[in-house]
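The values are calculated or read from the model by the stated rules, or taken from the named source; none is laboratory data. Just so we're clear, the structure is a prediction, and the values are computed from it rather than from any experiment. Neighbour counts are summed over all protein chains in view; Cβ atoms, including those assigned to glycine, are modelled from backbone coordinates with ideal geometry. Remember, those area values only see protein heavy atoms, side chains included, never the ligands or the DNA or RNA. Shrake-Rupley method; radii C 1.70, N 1.55, O 1.52, S 1.80 Å.
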Amino acid sequence: HVDNIHRMAQYCDNKTDCRRTQILEYFGEIFDRVKCIRSNMNTICDNCKLLETKKSKSIDMTEKIKLICNSIKIVCSREDLTLLHLADILKGSFNSKIIEKNHHILEFHSKMDEFKKCDIERLIRKLIFLGFLKEELKVIKNPDTVACYVRPGPKISQLNSILNKCKSDLRRLIKSLGVEHKIDNFNLIFTRKMILEMLSQLPTDKETLLGITGYTEAIFNNYKGNDFLKIFQHYSNLKASIETKNEASFNVHKSKYKRKTGSNDQSVKKSKIKSF
Ligand SMILES: [Zn+2]
């Protein structure tokens, strides 16, 4: 299988992930590299040795991954994208397939242009392994071939379901406040925009809640601010438990990630879609 050959090549090329973790990951097992690092220096794998001798470093990719997952979940639900094509988009390629499908105007195009393509592929595989994305086989007729496309994974569905439940609880609370205060048009205070901002941030303390656009101290005091916080705390905990389940670090080799400027083809005009 071509994909397996590709993965084998990646395994050889990968100078950052623990060898033991990679092999066991292939068989669906999770191995904490700390065990490899803490083992006798004679049996430590070459990549962990690099990490231990400070020749590679860990990078916090959380914010970047959130942005990428949010964009990918929309595009991959409506279009058939292979893992390699997705990596090309993130790398910022302007190859003919990307131009033809207008993927150079996607918001996440070139969002990882400072990384090597093999590391981007590695990150996507990790997101698949962790359940944020998944691969789906599709039979294509004439000629009969099987293609493998990336789709939003089970964790994204779980997170969406949590946010929907949180939204329902919020609406119920706002409705009951409207009845209590005899205000018909309560959505003039709790606007749709405000609720969307609350859902994207899930503020768990008063200070953060007051940072929501249009939400004031008077609203907090008059309309059960603490009840809002209880809802957000509950769903924020649920969200964190899903996001961190099986969480693994992502390491890159230190010396290779100096951002290159002007590496993309400037002759192609790039306008970004902001509506995602
Ligand atoms: Zn190792």
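So the values come out like this:
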quantity: Residue under evaluation K64, criteria (1) at pLDDT below 85; (2) open to solvent by less than 90 Å² (accessible area, probe 1.4 Å); (3) of a type in the set (K, R); (4) not assigned by TED's automatic domain parsing to the domain that holds L133, criterion not met; calculated: (4)
quantity: Qualifying positions in the range 90-110 - under 26 Å from K155 (Cα atoms), open to solvent by 30 Å² or more (accessible area, probe 1.4 Å) and modelled with pLDDT of 90 or more; calculated: K91
quantity: Checklist (1) within 30 Å of I140 (Cβ to Cβ); (2) touching a Cys at 6+ places or on another chain (Cβ under 7 Å) applied to S96, failing item; calculated: (2)
quantity: The range 51-60, subset surrounded by 11 or more Cβ atoms within 10 Å (Cβ to Cβ) and at pLDDT below 80, residue farthest from the ligand (Cβ to nearest atom); calculated: I59
quantity: Count of the range 18-32 residues which are open to solvent by less than 70 Å² (accessible area, probe 1.4 Å), free of Cβ contacts under 8 Å to residues at least 24 places away in the same chain and within 14 Å of the ligand (Cβ to nearest atom); calculated: 3
quantity: Elements of type helices (runs of 4 or more DSSP H) contained in the range 53-149, each with 3 or more residues being of a type in the set (V, I, T) and under 21 Å from N14 (Cα atoms); calculated: 117-130
quantity: Residue satisfying all of: in the range 1-44; in a loop (DSSP other than H, G, I, E, B) and basic (K, R); modelled with the lowest pLDDT among these; calculated: K15
quantity: Qualifying residues in the range 220-255 (those that are modelled with pLDDT under 95 and of a type in the set (A, V, I, L, M)) - the one most open to solvent (accessible area, probe 1.4 Å); calculated: L238
quantity: Failed criterion for Q158 (all others in (1) free of Cβ contacts under 8 Å to residues at least 40 places away in the same chain; (2) open to solvent by 60 Å² or more (accessible area, probe 1.4 Å); (3) polar (S, T, N, Q); (4) under 21 Å from H234 (Cβ atoms) hold); calculated: (1)
quantity: Among residues of the range 140-177, those that are among the hydroxyl-bearing types (S, T, Y) and touching a strand residue (DSSP E or B) at 6+ places or on another chain (Cβ under 9 Å), counted; calculated: 2
quantity: Residues satisfying the stated conditions in the range 128-144, i.e. surrounded by fewer than 15 Cβ atoms within 10 Å (Cβ to Cβ) and not charged (D, E, K, R); calculated: L137, V139, I140, N142, P143
quantity: Residue in the range 34-50 that is nearest to N14 (Cα to Cα), counting only those that are open to solvent by 30 Å² or more (accessible area, probe 1.4 Å) and near the ligand (Cβ under 9 Å from one of its atoms); calculated: D46
